[in-house]
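What follows is a short report on a single structure.
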Amino acid sequence: MNKVLITGSQGFIGSYLCQELLSNNCEVWGIDNFSKYGKVSRPHDNHPNFHFIEANVQDIDKWNVEFDYIIAIAAMIGGISFFHKFAYDLIPENNSILDATFRWALGQQKQLKRLIMLSSSMVFEGTDSYPTFEEDLKTCRIPDSTYGFQKLMCEFYCKGAYEQYKLPYTIIRPFNCVGIGEEEAVAEGETKVGNEKMMLSHVLPDLISRAMKLESHDLLPILGQGNQIRHYTNGKDIARGIRMAMESEKAINNDFNISTNQSTSVKELAETVWEVIHGCKLNGFKHLTPFEHDVQKRVPSIEKAKEILGFEAKISLKQSVQEVYDWMKEKEND
């Protein structure tokens, strides 16, 4: 039974990953300070093989526990409005989390098999090559957003720790995770675009929240023209991809895009949301001014993860939309 530490275990992707690893015979330790959503309960909390410590990752070196794997997810993170509101703060805060995580990992090298770093598709913010392969990172320009740049720093932490200390790593870049469990972020507060309040910081729950409050003949507000292209990947699929990378010897000192192969525009996503909620065709859109760092196109190559890990996403976009809608509707009725 592998003993795995997940930093940020109670967050959005962290929660999916805890469930995936616990279902596959791992002993999981989680650390989280509930800074993003506040106190939340997660499906894995009462599992007999899950151990939780409520603390800052910066205090991690106070533990006297050794692990086979460390999966680094904890970060000051949010949606597109978050990137602008905390453009400076997220750099020192996230670097402080990285410093603590790597100090812990380097002190555990006798037992530790590997550190697995969750990066972001935002490292490809400057690319003009589609589909974007992992190796394209070497030639695309650096990200414009401080969030994308800081995620790129995460990857260089991995490469530097291996070059100097031979600490094995795997870098995972999830693309547009969707699923249940995404609450309103505490730090973001109220975000408005013009006179429109954004309900949640990520596009799918925001669209669902808006659509639930509208009548079937209303116009649905979206950011910009809605031509932004994304690959919306269910959290269960992303968690499975992370586990497969953790289990693969071929993933050592390697990097992977973990994503569905389906390209979807925001307009297409909105139309799917409307169909699921209202059972009819959307009448039209109300176009809002987009944010500055609203990347227009993210289209990853998924061939490397398929060839090396045997990973392919299984859950369709419509299934994800239905899942999130059912969850949000249940929460609203509680």
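Results, tabulated for the structure shown:
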read-out	value
Cβ-Cβ under 8 Å pairs, at least 6 apart or on other chains, the range 218-232 side closer than 16 Å to Gln262 by Cβ, far side part of a loop (DSSP other than H, G, I, E, B) and hydroxyl-bearing (Ser, Thr, Tyr)	Ile229/Ser263; Arg230/Ser263; His231/Ser259; His231/Thr260; His231/Ser263; Tyr232/Thr260
Options Ile277, Ile302, Ile252, Ile258: the member that is at pLDDT 95 or above, aliphatic (A, V, I, L, M) and within 19 Å of Ile222 (Cβ to Cβ)	Ile277
Meets criteria (loosely packed, with under 13 Cβ neighbours inside 10 Å, on the phi < 0 side of the Ramachandran plot and not in a loop (DSSP other than H, G, I, E, B)) for Glu155	no
Candidate set from the range 215-229 (those that are hydrophobic (A, V, I, L, M, F, W, C) and crowded, with 17+ Cβ neighbours inside 10 Å); member that is farthest from Trp274 (Cα to Cα)	Leu223
Meets criteria (part of a helix (DSSP H, G or I) and in contact (Cβ under 8 Å) with a residue 12 or more places away in the chain) for Asp136	yes
For Ala251: the one exception among (1) within 19 Å of Val123 (Cβ to Cβ); (2) not polar (S, T, N, Q); (3) not assigned by TED's automatic domain parsing to the domain that holds Phe83	(3)
Residue tally, condition surrounded by fewer than 17 Cβ atoms within 10 Å (Cβ to Cβ), in contact (Cβ under 8 Å) with a residue 40 or more places away in the chain and either closer than 22 Å to Thr264 by Cβ or touching a helix residue (DSSP H, G or I) at 6+ places or on another chain (Cβ under 9 Å) (or both), over the range 139-148	0
Scope the range 297-334; condition within 29 Å of Phe86 (Cβ to Cβ) and exposed (fewer than 13 other Cβ atoms within 10 Å of the Cβ); matching residues	Lys331, Glu332
Hey, Tyr165 among the aromatic types (Phe, Trp, Tyr), surrounded by fewer than 17 Cβ atoms within 10 Å (Cβ to Cβ) and either touching a helix residue (DSSP H, G or I) at 6+ places or on another chain (Cβ under 7 Å) or in the same structural domain as Phe12 (by TED's automatic domain parsing) (or both) or not	yes
Test: residue in the range 94-103 that is under 24 Å from Val178 (Cα atoms) and in the same structural domain as Cys18 (by TED's automatic domain parsing)	yes
Enumerated strands (runs of 3 or more DSSP E) restricted to the range 10-92, each holding at least 2 residues that are crowded, with 22+ Cβ neighbours inside 10 Å and touching a residue at least 24 places away in the same chain (Cβ under 8 Å)	27-32, 69-72
Some residue of the range 109-129 being of a type in the set (Gly, Ala, Ser), under 18 Å from Leu309 (Cβ atoms) and in a helix (DSSP H, G or I)	yes
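The values are calculated or read from the model by the stated rules, or taken from the named source; none is laboratory data. Everything numeric here is computed off the predicted structure, so don't read it as measured data. Here the Cβ is made from the backbone with ideal geometry for all residues, glycine too, and neighbour counts use every protein chain on show.
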